[in-house]
Amino acid sequence: MSLINRFMIVAKRRPQYNDFCRVSNYSTSSFNEKRNNPNDSITKSVFISQSTDVFTNLALEDWFYKNQDFTNHHVLLLWRNNPCIVIGRHQNPWIEHNIQLAKKRGIVLARRNSGGGTVYHDRGNLNLSFFTPRERYNRKYNLEIITRALYREWGIEAEVNKRDDIILKEKYKVSFHISGTAAKLGRPNAYHHCTLLVNVNKTALNLALEKKENGIETNATTSTRSPIKNLVDINSHIQMDKLITAIGWEYLRTKALVLEDGGQDLIQRQKGFQYINPTEDWFPGLDKLISEFRSWEWNYGKTPNFTVTRIVDVPTEDNKVHRFNLALEIQNGIIEEIKMKLPADLVSRDFNEDVSVITNLRSSRYDHEVMENIITAIGCKTVTLNTSQNVDKSNMIATQ
């Protein structure tokens, strides 16, 4: 029996919705009018992960991407995580979040397989992954499913901006993000995933995403910070379970290739909702993927090469102080080179101003404490430059 057949459950309960007025944006043609339409050959399922472990859910997402055939069956996977920071595939974790604070609060770091920026997850955040074959990848379609569900159930008029984020405008003086988005495109499959802020702990979010480490030079993708709102800030009646139901039914009632409402007739042809428990028994090879997503080599070692520079003062025996630039070159998260740029008055014509620092800390994994240990070991003192700016970061998030 195939995996999809094991998950099959037909939705027979007619969902209850509020009046839906945006008929100009919806086609309500009968499902039987176009029997030869390719939409008719594609069924849909809504899978809901029962795990709240970010590494398990990222592995589950990757498992579907690598193993499932979506030719005639599109899937929406819904999942939630315990508190965590999720960075994009090409990002540097040391500049994207406050590592020391996150560890202290038990907020884990995870690197996903798609690009884009950094996001904070907790149980108040809903993750949505839309799976299709590569040639049917359409993130605008997916995001419209979400905005239409919000309007149909609660009358919330959200928009999709040019960056494919879901935002709210109207009565607000600025646009607020309620969602971020990213994607993984391959052959034959693709997925588009996004977050939806329902009732996220914004205090924890702001603290965890606060940038602490400076002096890093890198070509890694950097996040864009944007103002955010929780959906409960807009409508206090929104609850996670009801939101999952509303989006799931909207997905099932919408035709597979076009944004047309097939109504109850189309819902009856779909494979409905299914709670799934991500385990090795159901998904052979999942444990290996979980281990890879949980590893230091993936979360930190996959960081694009970067250089960390500190300005330090070194006292001499004659009570003079010389100022140096201390630089660490990091490859795959490992310290490959430690260099000190000597002041011009200390460099003779026969020597380069850049000298290597000999220490057993070379070839060790980089973190903030390693830099401080090197500075202490060579008897230097860090020079603190005033580079702070008065920026209000309340209600801000680094968008995916």
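VAL75 fails exactly one of the following numbered conditions: (1) in contact with a Ser or Thr (Cβ under 9 Å, 6 or more places away or on another chain); (2) touching a residue at least 60 places away in the same chain (Cβ under 8 Å); (3) in a strand (DSSP E or B). What is the number of that condition? Exception for VAL75: condition (2).
Checking each residue in the range 114-130 for being touching an Asp or Glu at 6+ places or on another chain (Cβ under 6 Å) and closer than 19 Å to ASN142 by Cα picks out only SER129. Taking the stated definitions as given, is LEU76 closer than 25 Å to ILE276 by Cβ and either assigned by TED's automatic domain parsing to the domain that holds ILE146 or modelled with pLDDT under 95 (or both)? Against the criterion (closer than 25 Å to ILE276 by Cβ and either assigned by TED's automatic domain parsing to the domain that holds ILE146 or modelled with pLDDT under 95 (or both)), LEU76 qualifies. So, ARG112, is that one under 20 Å from VAL200 (Cβ atoms), crowded, with 18+ Cβ neighbours inside 10 Å and among the charged types (D, E, K, R) or not? Criteria met by ARG112. Each residue in the range 202-243 was checked for being in a loop (DSSP other than H, G, I, E, B), out of contact with any strand residue (DSSP E or B) (no Cβ under 7 Å at 6 or more places or on another chain) and hydroxyl-bearing (Ser, Thr, Tyr), and 3 of them qualify. If you go through the range 219-254 and keep only what is closer than 18 Å to VAL75 by Cβ and either modelled with pLDDT under 95 or among the hydroxyl-bearing types (Ser, Thr, Tyr) (or both), you end up with THR245, TYR251, THR254.
In this structure, is ASN199 crowded, with 16+ Cβ neighbours inside 10 Å, assigned by TED's automatic domain parsing to the domain that holds SER175 and outside any loop (DSSP other than H, G, I, E, B)? No, not satisfied.
Of the residues ARG134, ARG163, the single one that is modelled with pLDDT under 95, assigned by TED's automatic domain parsing to the domain that holds LEU101, over 23 Å from MET240 (Cβ atoms) and surrounded by fewer than 18 Cβ atoms within 10 Å (Cβ to Cβ) is ARG163. In the same structural domain as ARG187 (by TED's automatic domain parsing), over 20 Å from the mean Cα position of the chain (by Cα), not in a helix (DSSP H, G or I) and not β-branched (Val, Ile, Thr): is that true of GLU153 in this structure? Criteria not met by GLU153.
The values are calculated or read from the model by the stated rules, or taken from the named source; none is laboratory data. None of these values were measured; they are calculated from a predicted model. Because the Cβ atoms are built from the backbone with ideal geometry, glycine has one as well, and the counts that use them run over all protein chains shown.
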